[in-house]
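Visitor: Got a structure for you, questions after.
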Amino acid sequence: MRAGRRLGVDVGAVRVGVAVCDPEGRLATPVETVPAGEGDVPRIVALAHEYGAVEIVVGLPRSLSGAEGPAAAKARVFADRLAGKIHPIPVRMVDERLTTVTATRGLRESGVRGRKSRAVVDQAAAVVILQNALDIERGSGSVPGTLVALEQGTSPQAAAPVKESE
């Protein structure tokens, strides 16, 4: 298991949930919910620096069949923008199927419902995304997901995904 804090990010249409793990990469905890839109990437960059993140894990929403739709395209664009601004800190995309469902169920089971749950479900989903990535790495020994890398010869604002492992 690689050492160092990582941020987990759940990109939504309205909000972006953020989580962080401990320096040993064992446990993910919620950080905050950032309004989506102008200012979201700079806030994530600020949080990464504040927590001393060595990596950022962005959830890639796929359908149960593995297909990607509009939400996945939005997450990819977000990850590309983030990679261009946070370089040289790596940004990885990991499969996040059912994380919002898992997060919502967990909140409901702990007694958080209605408007209160909407305020924290994105953070909870970011926790699930990051914790899954940590558990996969700990269990398999391999780095989960896909690295979002800057294209050679381009500025940090232009980034493209590079497939590593899933």
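Visitor: Explain nothing, just compute: Karplus ³J(HN,Hα) = 6.51 cos²θ - 1.76 cosθ + 1.60, θ = phi - 60°, for every residue of the range 27-34 in order, whole Hz, x for Gly and Pro.
Guide: 9, 8, 9, x, 10, 6, 10, 9
Visitor: Send over the semi-axes of the range 1-59's equivalent ellipsoid, whole angstrom and largest first, taken as the square roots of 5 times the C-alpha gyration tensor eigenvalues. Before the final figure, lay out each step's value.
Guide: On the way: eigenvalues 84, 25, 14 Å².
Whole-Å semi-axes of the equivalent ellipsoid: 20, 11, 8.
Visitor: If Lys and Arg each add +1 and Asp and Glu each add -1, what is the summed charge of the other residues whose beta carbon sits under 9 Å from the beta carbon of Glu68? Walk me through the numbers before you get to the answer.
Guide: Numbers: positive: Arg62, Arg76; negative: none.
Within the 9 Å Cβ shell, the charges total +2.
Visitor: How many nm is it between the label spots at Ser142 and Glu24, if each spot is 7 Å from the Cα in line with the beta carbon?
Guide: Going by the 7 Å Cα→Cβ label model, 2.6 nm.
Visitor: Sticking with this structure for a sec: Once amide H atoms are built 1.01 Å from N in the peptide plane, which residues 5 or more positions from Glu96, or in another chain, come under 5 Å H to H?
Guide: When sequence neighbours closer than 5 places are left aside, the close amide H contacts are Leu60, Arg62.
Visitor: To the nearest 0.05, how large is the calculated FRET efficiency for Ser63 and Arg43 if R₀ is 30 Å and r is the Cβ-Cβ distance? Write out the running numbers ahead of the final one.
Guide: Details: r = 29 Å, r/R0 = 0.96.
E between Ser63 and Arg43, to the nearest 0.05, is 0.55.
Visitor: Using the Karplus curve 6.51 cos²θ - 1.76 cosθ + 1.60 with θ = phi - 60°, what ³J(HN,Hα) values do you get for each residue of the range 49-66, in whole Hz, with x for Gly and Pro?
Guide: In residue order, the calculated couplings are 6, 4, 8, x, 5, 9, 6, 10, 10, 10, x, 10, x, 10, 6, 4, 7, x Hz.
Read the figures in this text as sums done on the coordinates, not as results from a lab. Keep in mind the model is a prediction, meaning the values are calculated, not measured. Quick reminder, even Gly has a Cβ in these numbers, built from the backbone with ideal geometry, and neighbours come from all protein chains shown.
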